[in-house]
1. Rounded to the nearest 20 Debye, what is the dipole magnitude of the stretch 135-215 about its Cα centre when Lys and Arg each give +1 and Asp and Glu each give -1 at the C-beta?
2. Using a 1.4 angstrom probe, figure out how much accessible area the stretch 139-274 has per residue, in square angstrom, rounded to the nearest whole.
3. Roughly how many Å² of S119 are accessible to a 1.4 Å probe, to the nearest 10?
4. Whose amide H sits under 5 Å from the amide H of N256, counting only residues 5 or more places off or on another chain, with H placed in the peptide plane?
5. Only loop residues by DSSP count here, and only those with at most 12 other Cβ atoms within 10 Å; note down the chymotrypsin sites (Phe, Trp or Tyr not before Pro) in the stretch 171-222 that meet that.
6. Within straight cross-link reach of K116, meaning Cα distance under 17 Å, which aspartates and glutamates are found once same-chain residues fewer than 8 apart are removed?
Amino acid sequence: MDILHSVLKAVSGLTLSGLFQLLLTFVLGLIAVKYIVRLFARVLSRTTLDPSVQALVVNAGRGLLWFLLILILAPQLGIQVTSLITLLGVFGVAISLALQNSLSNVAGGISVLVSKPFSTGDFIEVTGGASGTVDSVGLFHTVIKTMDNHRVYIPNGMLSADQIVNYSVETERRLEMTFSVTYDCDAGEARDLIERTLLEDERIMREPAPYVRVWNLGASAVEILCRVWVPNSDYWEVRSAALERVKKALELAGVNIPYNQLDVRLYDIKRKGN
């Protein structure tokens with residue numbers, strides 16, 4: 001109230017020339033803020049910074065320039081700069097207490113934008129189980145689009161503390177599959193057949209060499225583990241094609257693929273005395 005009273009008193013006491021000088025300072029300051037912000041944004045656009053980081057820096061710069069303009073106008077409005085800074089400090093403490101969660105998300109957003117564990121367009125998975133393509137990185141939330149086209153808003157405070165798996169950052173990815181064959185077939189021949197069938201796909205890399213080995217003797221099947229490297233962009237297509245080709249090759253070779261089944265045996269139990 002004291003500051004408002006001082007402003008009204010200062011404005012009412014201004015002469016025509018003083019009022020003109022105040023308005024001129026405000027208009028020139030407004031033009032200067034717009035020009036500097038526009039120039040700053042143009043310079044940042046030529047850098048390699050992420051667009052989200054550029055927007056954050058531009059907005060922070062705009063806020064700082066507005067604060068400087070207020071400090072310049074304050075003496076002409078009868079406001080002591082020290083009183084204004086003190087008042088802003090009190091408001092800052094009150095706002096920070098009321099918006100703890102939001103400020104945590106802002107800090108998380110800054111951390112994500114600076115450390116860049118992912119970029120727009122990357123496919124990621126977070127600890128909470130959400131996975132999808134990064135649509136946008138905001139100051140409060142990161143938006144991802146799931147494979148079934150749902151938009152998931154993840155608070156940045158939570159995201160910065162979670163484990164993030166980025167599937168898009170590397171150009172190559174290892175594909176792992178397990179095939180099962182029955183115990184009455186030759187596991188070595190089945191293994192060689194599976195490896196030859198996989199290498200028919202040119203998208204499967206020869207280096208590192210495919211790893212195809214008998215991996216486990218299960219309760220009802222011999223399990224053969226396959227690990228191959230593929231281009232990241234072809235991962236899902238190669239996986240689907242490999243499953244189809246291997247199944248067909250095993251069937252043509254007469255190799256049985258086991259499946260869960262239940263054997264029921266009936267016993268004729270005769271009671272004594274019958």
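1. Details: 9 positive and 15 negative charges, 85 e Å.
In debye, rounded to 20, the stretch 135-215 gives about 400.
2. On a per-residue basis, the stretch 139-274 sits at 71 Å².
3. Number for this one is 40 Å².
4. Amide H neighbours of N256, under 5 Å, 5+ apart: T182.
5. Y183
6. D50, E125, D135, D162, E170
The values are calculated or read from the model by the stated rules, or taken from the named source; none is laboratory data. Treat the numbers as computed from the prediction; the structure is a model and nothing was measured. We place every Cβ from the backbone using ideal geometry, glycine too, and count neighbours over all the protein chains shown. With ligands, DNA and RNA removed, areas are computed over all heavy atoms of the protein, side chains included. Shrake-Rupley method; radii C 1.70, N 1.55, O 1.52, S 1.80 Å.
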